[in-house]
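The values are calculated or read from the model by the stated rules, or taken from the named source; none is laboratory data. Quick caveat: nothing in here was measured; it's all calculated off a predicted structure. FYI the Cβ positions are ideal-geometry reconstructions off the backbone, even for glycines, and counts take in every protein chain you see. Quick note on the areas: whole protein, heavy atoms, side chains included, nothing else; ligands and nucleic acids left out. Shrake-Rupley method; radii C 1.70, N 1.55, O 1.52, S 1.80 Å.
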Amino acid sequence: MSTAQRVTAVPSPTGLPAGAAGAADRLRTLYDRRYDLFHRAFALGLPLDRAEFADREEFAGLAALLVGTGLAETDTEGRLVCRFRITRLGDDFLVTDPPEHQGGDRVLYLSDNESLLRARTLPRCDGLRVLDLGCGSGVQAVAAYRRGAGSVTSVDISPRAVAMTRFNLALNGLPHQDVLRVGLADFQPADGRYDVLVNNPPFVPVPPETRFMTSGAGGVDGLDFVRLLLRRLPELLRPRGTVCLVSLSPGARHLSELESLLLDHAEGRAMALHVTQIFDRPAPIAESLVPFADRADTVAWEAGLVARGYTHMHNLLLTLSPADQPEFHRSVLRPSLDPHPGNKGSVDWDGLNAEIRLALEMAQ
């Protein structure tokens with residue numbers, strides 16, 4: 001494996017050298033003035049000659065700072081190689097693992113059709129207590145703070161995700177102490193229930209006995225984590241609290257199982273469920289099983305899902321929030337996702353299946 005491909009450690013805020021708080025400012029300068037270098041180094045993971053950073057005064061010291069924080073290393077030819085993917089969100093920068101990270105503990109890279117879309121559409125959180133459940137890289141925690149959250153508790157079962165979230169909060173000058181390593185089943189709020197819960201759950205349907213990324217494996221129908229979350233919501237969220245999700249869900253052609261579950265949860269209360277279909281259509285359920293065709297009996301798997309009424313797969317952005325009266329609104333994302341080179345995610349089902357295939361391969 002080449003130096004550029006080797007990804008073993010996780011950056012930690014406790015290892016930040018003096019002055020590392022300026023890393024975000026220097027990354028912003030690089031992004032604004034030399035986006036070509038930023039994209040090559042932090043989106044594509046290509047090695048850069050240090051001279052490309054040293055030829056302008058505003059980039060002075062950036063290479064040394066990146067190496068000092070553990071975000072980059074020097075390869076055998078003296079070139080700078082970023083060991084992680086770095087994505088910009090507003091004025092903030094988020095560090096994640098690249099798609100090619102090997103092992104089941106990959107911290108999911110930020111994608112336009114999932115994490116970034118959810119972060120960019122979070123409601124105002126002025127003075128509210130927010131729970132970022134399954135925090136991964138911490139992108140939702142950063143977004144919640146930027147929308148005025150009074151406090152954010154970040155929770156993940158993965159040590160790698162906890163370290164990454166702490167690092168990203170510290171990198172952007174935000175509180176990073178309230179990041180906890182604990183699973184959803186065992187998490188207990190320390191100071192009462194929350195006002196807002198945001199979650200990008202493990203949602204990929206995965207056949208039994210198949211190794212997959214911890215951050216993505218959602219059980220046979222992709223809803224294992226979500227069902228547990230809904231059972232625990234009364235303990236975690238205030239009665240008129242807001243739930244913000246982005247998830248795949250099986251269901252019928254025009255209504256997903258996840259929407260049905262949320263509507264059941266809200267029954268009898270004045271709540272509004274707003275749902276955005278991210279891709280232009282739901283996919284026939286068979287399309288969602290294709291990435292696992294050489295590892296499972298997809299014909300029997302599909303038959304079992306169809307027997308439960310699951311004929312299609314939906315890719316959804318969902319917000320359940322207090323309202324004057326019960327409301328359910330469903331729409332299709334407009335404008336649709338743009339397949340431009342800077343897009344960090346897929347724009348259709350074929351692209352998403354390609355991402356799932358890569359995750360499956362890397363998890364082995």
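Taking 25 Å as R0, compute the FRET efficiency from the Cβ-Cβ separation of Gln102 and Ala300 and round it to 0.05.
Working: r = 30 Å, r/R0 = 1.21.
Taking R0 as 25 Å, the efficiency between Gln102 and Ala300 is 0.25.
For Tyr194, what residues show an amide H to amide H distance below 5 Å, using hydrogens built from the backbone and excluding near sequence neighbours?
Leu237, Arg238
For segment 86-130, give the percent of accessible area contributed by carbon and sulfur heavy atoms, probe 1.4 Å, rounded to a whole number. All intermediate terms of the calculation are to be shown ahead of the outcome.
Values: 710 of 1410 Å².
C and S fraction of accessible area: 51 percent.
Give me the percent of accessible area attributable to carbon and sulfur for segment 298-363, probe 1.4 angstrom.
On the way: 1840 of 3380 Å².
Carbon and sulfur atoms account for 55 percent of the accessible area of segment 298-363.
Assuming R0 = 51 Å, can you tell me the calculated FRET efficiency for the pair Gln325 and Leu358, based on Cβ-Cβ distance, to the nearest 0.05? Spell out each step's value before the answer.
On the way: r = 45 Å, r/R0 = 0.87.
E between Gln325 and Leu358, to the nearest 0.05, is 0.70.
Dipole of segment 118-269, Cα-centred, from +1 at each Lys and Arg C-beta and -1 at each Asp and Glu C-beta, to the nearest 20 debye? Please report the intermediate quantities before stating the final value.
On the way: 18 positive and 15 negative charges, 89 e Å.
Using only the charged Cβ atoms, the result is roughly 420 debye.
Taking every DSSP beta bridge with both residues inside the chain, roughly what % is antiparallel (nearest 5)?
Values: 28 of 52 bridges.
Counting only bridges with both partners in the chain, antiparallel ones make up about 55 percent.
What order, most packed first, do the peptides 202-208, 275-281, 319-325 have when packing is the mean number of other Cβ atoms within 10 Å of each residue? Can you show the working numbers first?
Numbers: 202-208: 21.7, 275-281: 17.9, 319-325: 15.1.
Top of the packing list down: 202-208, 275-281, 319-325.
How big is the chain by the Kirkwood estimate over distinct Cα pairs, in Å? Each step should come with its number before you reach the end.
Working: mean 1/r = 0.0471 Å⁻¹.
With all distinct Cα pairs of the chain included, I get 21.2 Å.
Let me spell out the model: positive unit charges on the Cβ of Lys and Arg, negative unit charges on the Cβ of Asp and Glu, origin at the Cα centre of segment 210-364. What dipole size does that give, in debye rounded to 20?
Working: 15 positive and 19 negative charges, 87 e Å.
It comes to approximately 420 debye.
Calculate one ³J(HN,Hα) per residue across segment 27-41 by plugging θ = phi - 60° into the Karplus curve 6.51 cos²θ - 1.76 cosθ + 1.60, and present them in order as whole Hz with x for glycine and proline.
Computed from phi, the couplings for segment 27-41 are 4, 5, 5, 4, 4, 6, 9, 9, 4, 4, 5, 4, 5, 4, 7 Hz.
With runs of 4+ DSSP H residues as the only contributors, calculate the mean residue ellipticity of the chain at 222 nm using -39,500 (n - 2.57) per run, divided by the residue total and rounded to the nearest 500.
On the way: 12 runs with 107 residues, N = 364.
That comes out to -8500 deg cm²/dmol.
Along the charge dipole of the chain, which of Val155, Met313, Pro175 sits closest to the positive end, that is, farthest toward it, with unit charges on the beta carbon of Lys, Arg, Asp and Glu (+1, +1, -1, -1)?
Pro175
Skip the ligands, DNA and RNA, and give the accessible area per residue of the chain with a 1.4 Å probe, whole Å².
Working: 15280 Å² over 364 residues.
Here the residues of the chain average 42 Å² of exposed surface.
Kindly rank 170-176, 139-145 from highest to lowest mean number of other beta carbons found within 10 Å of each residue.
On the way: 170-176: 18.9, 139-145: 27.0.
Packing proxy ranking, top to bottom: 139-145, 170-176.
Please report, in debye to the nearest 20, how large the charge dipole of the chain is about its Cα centre when each Lys and Arg carries +1 at its beta carbon and each Asp and Glu carries -1 there. Walk me through the numbers before you get to the answer.
Numbers: 38 positive and 45 negative charges, 129 e Å.
It works out to roughly 620 debye.
Taking 10 °C and 1.306 mPa s as the conditions, I'd like the Stokes-Einstein D for segment 126-272 in µm²/s, using the Kirkwood hydrodynamic radius from alpha carbon pairs.
Working: Rh = 15.9 Å.
Using the Kirkwood radius from Cα pairs, D works out to 100 µm²/s.
Please name which of His101, Gln277, Pro47 has its Cα lying farthest along the dipole of the chain towards the positive end, using unit charges on Cβ (Lys, Arg +1; Asp, Glu -1) and the Cα centre as origin.
The listed residue farthest towards the positive side: Gln277.
Given a Förster radius of 56 Å and the C-beta distance between Glu209 and Asp178 as r, what FRET efficiency does 1/(1 + (r/R0)^6) yield to the nearest 0.05? Could you put the intermediate results ahead of the total?
On the way: r = 36 Å, r/R0 = 0.65.
For R0 = 56 Å, the calculated efficiency reads 0.95.
Using only Cα atoms, tell me the angle between helix 349-363 and the longest principal axis of the chain; keep it within 0 to 90° and round to the nearest 10.
Taking Cα atoms only, the helix is inclined about 70 degrees.
Of Val142, Ile86, Ala72, which is farthest along the charge dipole of segment 57-161 in the positive direction, counting Lys and Arg as +1 and Asp and Glu as -1 at C-beta?
Of the options given, the answer is Val142.
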